[in-house]
Each structure stands twice: as C-alpha cells, then as structure tokens.
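Worksheet: the structure to be examined is printed underneath.
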Amino acid sequence: MNPNYVRVFDTTLRDGEQSPGATLTSGEKVEIARGLTRLGVDVIEAGFPAASPDDLEGVRRIAIEVGNTLEGESELQRPIPIICGLARASEMDIDAAWEAVQHAAHPRIHTFLATSPIHMRYKLRMEPEEVVDRIQEMVSYAKSYCDDVEFSPEDAGRSDLDFLYLVLGEAIKAGATTLNIPDTVGYTTPEEFGSLISSIIANTPGIENVIVSIHCHNDLGLATANTLAGIQSGARQTEVTVNGIGERAGNTSLEEVVMALQTRRAVYGLEMGIDTTQIVRISRMVSNYTGIPVQPNKAIVGANAFAHEAGIHQDGMLKNNETYEIMQPETVGLYRSKLVLGKHSGRHALKAHLQEMGYELNQEELNSAFERYKDLADKKKNITDADLEALIEVQTYLSQEVFTLDGLQVACGTMGMPTATVRLLGPDGQLHIHAAVGTGPVHAVYQAVDAIIGVANTLVEFNIHAVTEGIDAMGEVTVRLQADNPSISQRTSPQNGQVRTRTFGGYSADTDIIVASAKAYLAALNKLLITSRKYRR
Ligand code: KIV
Ligand code: ZN
C-alpha cells in the first residue's frame, strides 16, 4: 500500500443520483461508469440495489459490463475499478448488494448505520449497544459474501468521539477493510473535520490495517475544504461526485478535490490514478444525462471557469497565461476552441480526431457520427472540439430512444399562432403525426409530442445555451420533467426510507434550437417510458 496514494471513490451513481431530478436509465448509468473508468477512479459506487429492481439491475449491469476486463485484455493495460453497492445494515439490503456486485472482478459491499445521538434516538429508535451489535453482525454478514467491505457510521460529524472509536474498532474486528467517515449533513468546519479524522486515526484499535475514507456534504459550502482537511489528516480514500451533485446542496465535487491535489501537489504531496484530461467530458456527460446544468461559475467545469473576459485580464493573458490562470484548460480536457475539421474532412480524419479526444467508436458508431458530422458541416463553417463532443453525446442518447423525431415543422412569429407539426417514429415502427398550437414554438412542439405519446407530465425545468461562440453555434437544450402519475415516479431514499418523486432529464444539441428542444423533450420522455418499464432498454 503506497501511503501517499489517495483512492478516488465516485458516488455519482449512488449519492449523486439521489439528488432531486437525477434519474438515470441503466443504459446511461453504464455509459457514466465507462466514463468514470476512463477517468481512472478507483471505486465506482454504482447504486443502492435494495431500492428497486431497476436499481439492482443498473448495478448488476455495471458490475458485468464495466467491472471486468474485455476479452484478451489484462488489468496491466487498463485497471478495472472496484464496483461497490450500498446497503443499509440489514440482511435483505446486503443480499441485494451482493446479488448485484458479485459479477465484478473486484466487488465491494458498503454498509452503513447511523451513530449520532439524534439519528440513533429519532430515526433508528435504537440504544447505542444495539447499534454496536447490529454493526458487528452486519459487517460480518457482508464479509461472508465479500472480502472487500466498507462501513460508514452515518452522521459521524455529529457523533460522540468515544462511541465512534468503539463502533469503528468493532467494524474492523468484524472484517471491514475501509472505514468511511461521513459528514452526512455538511455540519462540520474544516478544522473540526480534520481533527475528527486525526482523532479517529489516533484512537481506533486496528485502524492501521484499513483505509480511512471521507464523505462530505456541501450544506455550508465546505465539502471540498473539509475533504482536503480530512486528507491532510491521513484519510486515503475520498468519496466524491462529478459536478458535486447529490442530496440537498450536494456532495464533495470530484473535479475540485482532484484539481486541488494536482495543482497544489507541492502542498499535499499525494498521488492519484486520475487522468484529469477526462474531467470536462465526464462533467458534460453527467450534466446532460441527469439534466442538471452546471452553474457557469462552478470551479473547474463551469462555462466561465477558464474564460477571461474583463479587458484587463485579457491583456495580462496575452502577455503570459499564468497571470490569471493557475491551471491550463487542456489539463482538464478543455481545448481552446480549437478549429478541428472542415466540410471536406473525411471519415478517417474524423475517427483520428475523435481518438485524440479519447472517443473510441466502433464502425457503426463512427458511421452514424460521420453522418451527423456531415450534416453539421453543411450548417456550420468551423467545427470545434466542443461541437464534436456535443455531437457524440447526442449520439449516445440516440441509443436510449423509444420514440424518434422523424420530422418537425414550425410556424411562429408575430403574424399568427405558434403552430408545430411533429412526426415521430414509434417503438411500433409506425409514424405518428400531430399538429398543435402553443404559446410559443417550443410549447407548440411539446403539445404535439404529448398528444402522440400520451404520458401526462409536468415540465419542471428548461435550459438552453450555445455550445460555442458565433451566430452559427449549436444550441444545447436540457429539460427535466416529472410524470403526473406518481406510481411511475417514486423511489426510496436509503438514508430515511422516504419515498420521493423522480425527475427525468433529457439533453440534445442542434444548430436549430427548436429541433434541439424537441429532441431533449423526447429524450426525457423516453427515459420516463423506459423507467416505467413500458419499454425496456
Ligand atoms: O452521507 C452519508 O452519510 C451517506 C452514507 C450512506 C455514507 O451517503
Ligand atoms: Zn452522502
């Protein structure tokens, strides 16, 4: 064990997916897990299998499709991440987690039980002694399935220190190999959290034989600071999510911790297995699939994170980039609007350039990407890396489609009623046509789509922005919607067992923003249909 190596444990697909509106289909989860593997994370927490048959299936697919080497490949060429499933401290949850993760080359079961007085008393209604017994029993039970067991004392940030040393020591005796210390409600300050980790390391019997992990929430905007303080105190696994998505104000953001450890290596002196050039790509993928936009001023991955617009900054930048830039955009996979290909570039040039950007497409995917590329080149003179990225992301979305947009015609302006005629190719192989009026062109399109698909829903968010600069830029649209029928949209929280309403996100990009709006809406509705098990993908 290298004492300076920090393991990155990504929980985007579990704690991240618990954030309101982040519902993902199992196909999208697999794509994100592949992206996380390219990024080089050490552990993927793929979900909470006991939540529903769909959740179990999502984790099982990741264990099979992402958690193993490909035929003829060795782990020396491409390290395979640990695939982890979350379980409450109950036999039923642990059985479900094992059922899902056992197919991975490196499976892990992560079980948890609250240890703070307020949680034990009001949520669990258990005496502290009963909590200790349950932890011993359930860690041993998980260990009977799997060598790699992680235990978390939920709400550790508000737990009594002596009680924590006791339960953590018992968890180690019962076979836990990673002890994760969560600040579940984002309550601690960096000084407190750092000292909590030091005290645990100093006082827990047997701690030298396990990995100490940290898991912070961002309720006070301190998740990254607390995580870095925990790492400085000796934690060697950090639990994070892409874009910091997660319950309430979110979890610690992967990109912030990774870039802090890398950019300030002289301060931290630590190593990770992350390929930082994959950061922007995974950030966009997660945002597009969840329908949760990234705030423009978000560190590392926000649209303005590397933009230097004020005149004084630009002048300094032209003389020397380092005047205002502490990281090069290329290190996170953001290329300075590189002009890449033109209208006459061929299939080979496209393939080679996509490979350079880290996209390995099979022949069928390449053919489809090339068709879309030619289509775009007819409408847009200069195609940049950002355009290509949007094009590939849209393509990945296509594989999720149940209804496809086959034709769209819109009349709008000041002279009449906004009217849209929509033609969809349905899962029955038939074309369905409908015309509708609306308060504007997008509304008219959505009315027509609703009339064809016939699933009552409420649009809760609609966002549009330009992928690149210029009048011919592609517009990117993300939407989020909820089914009006509650039985389609419900899921259980692992922490408090509460049933919540799911939100379905959709994404698309096109030079025509009405077309992008139609496709994004269809993508969200397709996801709703797939999740409602009407059509399986
Ligand atoms: O925040 C938390 O306490 C959790 C645990 C399940 C680790 O997410
Ligand atoms: Zn959490």
In the range 486-529, residues that are of a type outside the set (S, T, N, Q) and in a helix (DSSP H, G or I) total 15
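To keep it simple, each residue is scored yes or no on (1) in contact (Cβ under 8 Å) with a residue 60 or more places away in the chain; (2) farther than 17 Å from T11 by Cβ; (3) not in a helix (DSSP H, G or I).
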| site | (1), (2), (3) |
| --- | --- |
| V132 | no, yes, no |
| V139 | no, yes, no |
| K143 | no, yes, no |
| E150 | yes, no, yes |
| V185 | no, no, yes |
| A202 | no, yes, no |
Of the numbered conditions (1) within 16 Å of ligand 2 (Cβ to nearest atom); (2) surrounded by fewer than 20 Cβ atoms within 10 Å (Cβ to Cβ); (3) at pLDDT 95 or above; (4) not acidic (D, E), R248 fails exactly one; give the number of that condition.
(3)
A518 in contact with a strand residue (DSSP E or B) (Cβ under 7 Å, 6 or more places away or on another chain), within 30 Å of R372 (Cβ to Cβ) and at pLDDT 90 or above
yes
Of everything in the range 237-273, what is over 22 Å from L179 (Cα atoms), touching a helix residue (DSSP H, G or I) at 6+ places or on another chain (Cβ under 6 Å) and not in a helix (DSSP H, G or I)? Give them in sequence order.
I245
Which of the residues belonging to the range 172-183 are away from ligand 1 (no atom under 16 Å from the Cβ) and either touching a residue at least 40 places away in the same chain (Cβ under 8 Å) or exposed (fewer than 15 other Cβ atoms within 10 Å of the Cβ) (or both)?
K173
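Can you find even one residue in the range 65-74 that is in contact with a helix residue (DSSP H, G or I) (Cβ under 6 Å, 6 or more places away or on another chain) and under 22 Å from T238 (Cβ atoms)?
Taking every residue of the range 65-74 in turn, at least one turns out to be in contact with a helix residue (DSSP H, G or I) (Cβ under 6 Å, 6 or more places away or on another chain) and under 22 Å from T238 (Cβ atoms).
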Answer residue from the range 417-471, given it is among the charged types (D, E, K, R) and in a loop (DSSP other than H, G, I, E, B) and is farthest from F504 (Cα to Cα) among those
E469
So which residues in the range 1-52 are surrounded by fewer than 24 Cβ atoms within 10 Å (Cβ to Cβ), within 14 Å of ligand 1 (Cβ to nearest atom) and modelled with pLDDT of 95 or more, if there are any at all?
A50
Check the range 375-385 and report whether any residue there is at pLDDT below 75 and either part of a helix (DSSP H, G or I) or under 21 Å from the mean Cα position of the chain (by Cα) (or both).
no
Looking only at the range 360-385, and only at residues there that are in contact (Cβ under 8 Å) with a residue 60 or more places away in the chain and closer than 19 Å to Y335 by Cβ, the one that is surrounded by the fewest Cβ atoms within 10 Å (Cβ to Cβ)
K381
For the range 214-224, check the following and say yes or no: at least one residue is assigned by TED's automatic domain parsing to the domain that holds E170, at pLDDT 95 or above, assigned to a helix (DSSP H, G or I) and within 16 Å of ligand 1 (Cβ to nearest atom).
yes
Lone unmet requirement of (1) surrounded by fewer than 19 Cβ atoms within 10 Å (Cβ to Cβ); (2) closer than 18 Å to V185 by Cα for Q77:
(2)
Within the range 1-109, which helices (runs of 4 or more DSSP H) (wholly inside it) include 1 or more residues that are of a type in the set (D, E, K, R) and touching a Leu at 6+ places or on another chain (Cβ under 7 Å)?
26-39, 91-101
The lone condition L228 fails out of (1) within 16 Å of ligand 2 (Cβ to nearest atom); (2) closer than 26 Å to E325 by Cβ is (1)
When you scan the range 139-197, how many residues do you find that are away from ligand 2 (no atom under 16 Å from the Cβ) and either over 30 Å from the mean Cα position of the chain (by Cα) or more than 14 Å from I207 (Cβ to Cβ) (or both)?
31
Those residues of the range 274-291 which are at pLDDT 90 or above and in a loop (DSSP other than H, G, I, E, B) amount to I274, D275
Scan T238, T227 and give me the residue that is of a type in the set (S, T, Y) and over 19 Å from P81 (Cα atoms).
T227
Please enumerate the residues belonging to the range 286-299 that are surrounded by fewer than 24 Cβ atoms within 10 Å (Cβ to Cβ) and hydrophobic (A, V, I, L, M, F, W, C).
I292, V294, A299
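The values are calculated or read from the model by the stated rules, or taken from the named source; none is laboratory data. These numbers were taken from a predicted model, which means no experiment stands behind them. Please note: Cβ atoms are built from the backbone with ideal geometry, for glycine as well, and neighbour counts cover all protein chains shown.
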